[in-house]
1. Mind jotting down the three principal axis lengths of the range 40-143 based on Cα atoms? Whole angstrom, largest first.
2. Using θ = phi - 60° and the Karplus curve 6.51 cos²θ - 1.76 cosθ + 1.60, what whole-Hz ³J(HN,Hα) does each residue of the range 159-166 get, with Gly and Pro shown as x?
3. Ranked from highest to lowest mean number of other Cβ atoms within 10 Å per residue, what is the order of the peptides 19-25, 120-126?
4. Under the √(5λ) rule applied to the eigenvalues of the Cα gyration tensor, what semi-axes describe the equivalent ellipsoid of the chain? Give them in Å, descending.
5. Cβ under 14 Å from Y152's Cβ, Y152 left aside: what net charge do those residues give with Lys, Arg +1 and Asp, Glu -1?
6. In the neighborhood of E305, defined by Cβ-to-Cβ distances under 13 Å, what is the net charge if each Lys or Arg adds +1 and each Asp or Glu adds -1?
7. Can you tell me the order of 300-309, 190-199 when each peptide is scored by its average per-residue count of other Cβ atoms within 10 angstrom, highest first?
8. Over all alpha-carbon pairs in the range 214-318, figure out the percentage whose distance exceeds 17 Å.
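Only the coordinates and a few stated rules stand behind these numbers; no lab work does. Just so it is clear, the structure is predicted and the values come from calculations on it, not from any experiment. Because the Cβ atoms are built from the backbone with ideal geometry, glycine has one as well, and the counts that use them run over all protein chains shown.
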Amino acid sequence: MRIFEQLESKVRGYVRSFPVIFESSKGATMTDETGREYIDFFAGAGTLNYGHNNQAINDALMAYLQKDGVVHGLDMATTAKKEFLTKFSETILEPRNMEYKVQFTGPTGTNSVESAIKLARMIKGRSNIVAFTNAYHGLTMGSLAITGNTFYRDEAHISRSNVSFLPFDGYMDDQFDSLAYFRKLLEDGSSGLDLPSAVIVETIQAEGGINVASVEWLRGLAQLCYEFDILLIIDDIQVGNGRSGDFFSFEEAGIKPDMVTLSKSIGAGLPLALLLIRSDLDQWKPGEHTGTFRGNNLAFVASTEALAYWDTLELSNAVRHKSDILKAELEKIAEKYPSLHADVRGRGLIYGLEVKELGLSSQISERCFENGLIIELAGADDQVIKFLPPLIIDEEKLLKGIAIVDQSIGEILE
Ligand code: PMP
């Protein structure tokens with residue numbers, strides 16, 4: 001069913017294929033124009049970690065607008081920018097001993113990725129970038145070239161020169177040591193691998209199917225980068241901002257990347273993308289990498305308010321607690337429906353239920369929607385049902401959403 005049927009004869013909407021028009025949203029719930037409510041396990045693909053229309057964030061935005069705060073400031077200094085930088089520095093960077101410069105790269109995630117790979121090439125004077133199987137880094141030219149899934153790029157004939165793909169942790173069988181393989185390629189002058197300027201990696205591949213890199217693998221990768229003078233870029237656009245339970249997804253591994261891309265929930269629902277650059281590496285000249293919408297002041301206001309969640313460990317602890325619930329419930333579902341041959345994997349509040357039979361996951365997500373749950377799919381063949389609720393979801397709603405998945409699978413398999 002085409003949702004903007006009449007409109008689309010005149011303009012193209014390219015809307016996501018949920019068969020309703022949404023009108024309002026609050027917390028972990030979205031409501032369509034007929035008044036029907038849906039639990040949201042999609043959270044704007046990780047943009048709404050603090051929930052839809054979070055009251056404190058809305059109040060801060062309202063107060064800012066009421067005092068005629070600068071909305072568009074181009075790249076000028078504004079109070080909203082100053083307050084954001086102060087809060088980000090004091091709440092996030094300083095307690096973690098992270099010395100990074102913050103570059104505002106644009107409104108959306110891919111802008112940060114583009115900045116990161118451009119800067120890496122400039123710093124090292126080498127063009128090759130290593131990315132991993134199933135990676136997703138965005139859909140503009142540079143980020144698309146380092147995205148795995150052919151669906152996004154083949155027909156556009158994206159140039160992939162100066163990009164090398166290596167197996168992500170767990171891509172091959174358990175016996176295969178992907179880091180030993182990488183090391184061998186780097187050491188062997190006949191391997192065909194040009195020494196990369198940077199390696200870019202997601203600690204948990206989200207769009208790629210909820211593939212979780214182990215802490216050991218991440219540490220090994222960081223060590224390899226260090227030994228071979230390669231920059232390590234962590235793409236924390238989807239699984240940063242608390243999704244893993246820590247603010248940054250790589251904290252548990254105790255590694256310090258050279259650059260970190262952040263977007264989605266850093267703007268608490270408003271468009272904002274950042275690149276964190278290890279302070280000693282920054283070498284942009286003024287104006288060398290710029291654009292009109294870099295640093296949206298309303299996003300700064302929203303973000304500054306949202307970062308208050310990180311003043312204490314409350315949110316982190318809550319994410320870990322709800323993560324345990326989610327994992328246990330999904331394992332129960334996998335056990336209850338053996339014919340699914342389901343695999344459960346994830347960390348924090350991002351989990352995947354991989355269903356082996358092609359097409360079944362789409363049927364399940366569609367049935368979930370009919371039953372009142374917004375849930376999306378991930379993986380090269382959309383074979384993974386992706387659980388990504390707002391971090392602030394209450395336990396009752398989390399369990400209700402999971403129960404809808406259980407019920408929907410039951411209905412489809414019966
Ligand atoms: N990197 C990762 C890990 C992502 O998940 C995404 C978006 N799904 C992007 C980059 C690109 O972000 P955007 O869609 O905002 O350009």
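1. 48, 35, 30
2. Computed from phi, the couplings for the range 159-166 are 5, 10, 6, 6, 9, 10, 9, 10 Hz.
3. Working: 19-25: 14.0, 120-126: 17.1.
Taking the mean over residues of other Cβ atoms within 10 Å, the ranking is 120-126, 19-25.
4. Working: eigenvalues 204, 163, 87 Å².
The three semi-axes for the chain are 32, 29, 21 Å.
5. Values: positive: R153, R160; negative: D154, E155, E207, D381, D382.
Summing Lys/Arg as +1 and Asp/Glu as -1 gives -3.
6. Working: positive: K87; negative: D59, E83, D311.
Result for the neighbourhood of E305: -2.
7. Details: 300-309: 24.1, 190-199: 16.9.
Descending packing order for the listed peptides: 300-309, 190-199.
8. Numbers: 3320 of 5460 pairs.
Cα-Cα pairs in the range 214-318 separated by more than 17 Å: 61 percent.
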